[in-house]
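Only one structure is covered here, and it is reproduced in the block below.
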Amino acid sequence: EEIVNGLHIAGQAHGPERIRGEDFLHQFDHVFWFGDLNYRVDMGNHGTEKEYKKVVRMAQDEDERYELQDHDQLRKQIHAKSVMCDFEEGAIDFAPTYRMLKGKEGYSNKKHQNPSYCDRVLWRSLPGAAPQMYQTLYSSAPSLNQSDHRPVLASFAMNAKEPFIAR
């Protein structure tokens, strides 16, 4: 709420007036929110060597990594409707993208920070607009390794509707 209330958006599509705060979420059929949201995987002992090693092992196992999502802070808070209300996220079918080694494969052990899904793509559609759009891809790009984050990517298919033009 604090972030949304601090938004100030100006543009020709909306005339000279600025869109402020919560109005932003209700001015468009679809709103995409993406980037490093900084939420972590926390199994109850975050910051300990034991939990770090367990999470790394699970992250590297394609069958076990899905269980990490049960411990994802963002998913828990969205489910509890305490953040990002009415936003959706596609199924995560990739390994955690944060706290990676720079320039090579593997997870970095800085203060036993668990590998996590910090980088996310979320969306919100106004009522009635949702059937017009669906996600076709949600993945990561692990070979782009210049940072301690691996980029995530998403694509969507959308049926564009004809704009309303007042005459």
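Observations, loosely collected:
- Sequence-distant residues sharing a close amide H with N114 (under 5 Å, placed H): G47
- Surface accessible to a 1.4 Å probe, R124 within the full protein complex, Å²: 20 Å²
- Charge context of S147, other residues only, Cβ under 13 angstrom, K/R +1, D/E -1: +1
- The number of Lys pairs in the chain with C-alpha atoms less than 16 Å apart, excluding pairs fewer than 8 positions apart on the same chain, is 7.
- In Å², nearest 10: area of W33 left accessible to a 1.4 Å probe: 50 Å²
- Degrees between helix 49-60 axis and first principal axis of the chain (Cα, 0 to 90, nearest 10): 70 degrees
- Here r is the Cβ-Cβ distance between F32 and L137 and R0 is 22 Å; the resulting FRET efficiency, rounded to 0.05, is 0.95.
- Accessible area per residue for the chain, computed on protein heavy atoms with a 1.4 Å probe, is 63 Å².
- Under 12 Å, Cβ to Cβ, from D29 - net charge with Lys/Arg +1 and Asp/Glu -1: +2
- For the stretch 59-105, with all protein chains in place and a probe radius of 1.4 Å, 43% of the accessible heavy-atom surface sits on carbon or sulfur.
- Summary: within the chain, the longest segment free of GluC sites (Glu not before Pro) located in DSSP loops with at most 13 other C-beta atoms within 10 Å is 106-167.
The values are calculated or read from the model by the stated rules, or taken from the named source; none is laboratory data. Remember, it's a predicted structure, so these values are computed and weren't measured experimentally. A quick note on method: Cβ atoms are made from the backbone with ideal geometry, for glycine too, and the neighbour counts reach across all protein chains shown. Side chains included, ligands, DNA and RNA excluded: accessible areas come from the protein's heavy atoms. Shrake-Rupley method; radii C 1.70, N 1.55, O 1.52, S 1.80 Å.
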